[in-house]
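This report refers to the structure that appears directly beneath it.
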Amino acid sequence: PQHALRVASKLLDRLAQPVELSGHTLHATTSIGICFYPQDGQDRGSLMQSADIAMYQAKSMGKGVYRCFDATMMAVAAKRAALERALKQAVAQQQFEVHYQPLLDCRSGQVRGLEALIRWHGPEGQWIAPLDFIPLAEELGLINQIGEWVLHTACAALAQWRQQGLDLYVSVNLSAVQLRNPQLPEQIAQVLRTHGLPDQSLTLEVTESVAMQDPQASIQRLEQIRALGVRLAMDDFGT
């Protein structure tokens, strides 16, 4: 086992070296999963599965590291696989709910707007926190579908409330993946047209950490959104 760990360390060191390509300096990150015969698998298939699980554990630790397989990882992997299947089904069948948190005017006490918050009742009847499924949705490439559904649902509800004479606005959160989507501005414009809402009735919230992942790309996308007349808000500012 110690020999395998030494080899893994050498691989990490060498692969961490910058690479010059077409005048650009590139930095690759590496994640290594290690398992051992016979305790972690009796055949090629089970050994590859154990190594793969250990590799994903290394990736979740921030990359640039190696991890050795242990039995607890199998339970985590099985739980994740079940969550993946349930999430894909939830997206296909739109099994989410949108809850609305009131935004109050502190002086008058009146409700001025509502923040749309996605909620998911899991397959076993339990509430699954957004922190548990939103990162997974981003990883699986499902977040744009979910985000567009939330936007449509929240704007449809807002249109009904405004028809009843309630002068409200709705606030919707954007994820990092949504912000990188070049089709996002057109999606927003289409949703507003579909529900007949004025531009200023929609506020889009972006967390500081999301905006700073790629500042230049974020600025470009936010300027495109602002050009629509939609309001923007920085969420979790100062973190």
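The values are calculated or read from the model by the stated rules, or taken from the named source; none is laboratory data. Keep in mind that what you see is a predicted model, and the values were worked out from it rather than measured. As a convention, Cβ positions derive from the backbone with ideal geometry for all residues, glycine included, and neighbour counts pool all protein chains shown. Protein only, heavy atoms only, side chains kept; ligands, DNA and RNA dropped before computing areas. Shrake-Rupley method; radii C 1.70, N 1.55, O 1.52, S 1.80 Å.
For segment 182-207: of the residues being touching a residue at least 40 places away in the same chain (Cβ under 8 Å) and outside any helix (DSSP H, G or I), which is farthest from GLY141 (Cα to Cα)?
Looking at residues that are touching a residue at least 40 places away in the same chain (Cβ under 8 Å) and outside any helix (DSSP H, G or I), I get LEU197.
Name every residue in segment 208-239 that is part of a strand (DSSP E or B), closer than 23 Å to ALA157 by Cβ and either free of Cβ contacts under 8 Å to residues at least 40 places away in the same chain or of a type in the set (D, E, K, R) (or both), in order of residue number.
Within segment 208-239, ARG231, LEU232, ASP235 qualify.
Do you know which residues across segment 195-221 are at pLDDT below 90, aliphatic (A, V, I, L, M) and either open to solvent by less than 50 Å² (accessible area, probe 1.4 Å) or more than 18 Å from the chain's Cα centre (by Cα) (or both)?
Correct list: VAL206, VAL210, ALA211, ALA217, ILE219.
What single numbered condition from (1) within 30 Å of GLU148 (Cβ to Cβ); (2) at pLDDT 90 or above fails to hold for HIS24?
Of everything listed in (1) within 30 Å of GLU148 (Cβ to Cβ); (2) at pLDDT 90 or above, HIS24 misses just condition (1).
I'm checking my understanding of the structure. Among residues of segment 1-35 that are polar (S, T, N, Q) and without any contact (Cβ under 8 Å) to a residue 24 or more places away in the chain, which one is farthest from ALA51 (Cα to Cα)?
Filtering first and then ranking leaves SER22.
Within segment 74-91, can you find the residues that are at pLDDT 85 or above and hydrophobic (A, V, I, L, M, F, W, C)?
Of everything in segment 74-91, those that are at pLDDT 85 or above and hydrophobic (A, V, I, L, M, F, W, C) turn out to be ALA81, ALA82, LEU83, ALA86, LEU87, ALA90, VAL91.
Restricting to segment 158-181, and then to whatever is open to solvent by 20 Å² or more (accessible area, probe 1.4 Å) and assigned to a helix (DSSP H, G or I), can you tell me which residue is nearest to PRO198 (Cα to Cα)?
ARG162
Among the residues of segment 96-132, write down those that are at pLDDT below 90 and among the hydrophobic types (A, V, I, L, M, F, W, C).
TRP127, ILE128, ALA129, LEU131
So which residues in segment 113-129 are farther than 28 Å from LEU166 by Cα and surrounded by 16 or more Cβ atoms within 10 Å (Cβ to Cβ), if there are any at all?
Within segment 113-129, GLY122, ILE128 qualify.
Being open to solvent by less than 50 Å² (accessible area, probe 1.4 Å) and part of a loop (DSSP other than H, G, I, E, B) is the filter here; which residues of segment 13-65 pass it?
Result: THR30, CYS35, PHE36, ASP40, GLY41, GLY64.
Among (1) assigned to a strand (DSSP E or B); (2) under 16 Å from ASP235 (Cα atoms), which single condition is TRP120 missing?
Going through the list (1) assigned to a strand (DSSP E or B); (2) under 16 Å from ASP235 (Cα atoms), TRP120 breaks only (2).
Taking segment 143-157 as the region of interest, how many residues are under 21 Å from the mean Cα position of the chain (by Cα) and either open to solvent by 20 Å² or more (accessible area, probe 1.4 Å) or touching a residue at least 60 places away in the same chain (Cβ under 8 Å) (or both)?
Adding up the residues that qualify gives 6.
Suppose we keep only residues that are touching a residue at least 12 places away in the same chain (Cβ under 8 Å) and of a type in the set (A, V, I, L, M, F, W, C) within segment 66-79. Which one would you say is surrounded by the most Cβ atoms within 10 Å (Cβ to Cβ)?
Step by step, filter segment 66-79, then rank; the result is PHE69.
Taking the stated definitions as given, is GLN49 out of contact with any Pro (no Cβ under 7 Å at 6 or more places or on another chain), modelled with pLDDT of 90 or more, within 30 Å of PRO123 (Cα to Cα) and not charged (D, E, K, R)?
Yes.
From the list LYS63, LYS59, LYS88, which residue is at positive phi and in contact (Cβ under 8 Å) with a residue 12 or more places away in the chain?
Only one candidate qualifies: LYS63.
Just the residues that are over 19 Å from the mean Cα position of the chain (by Cα), of a type in the set (D, E, K, R) and open to solvent by less than 60 Å² (accessible area, probe 1.4 Å), please, taken from segment 83-112.
Listed by number, the list holds a single entry, ASP105.
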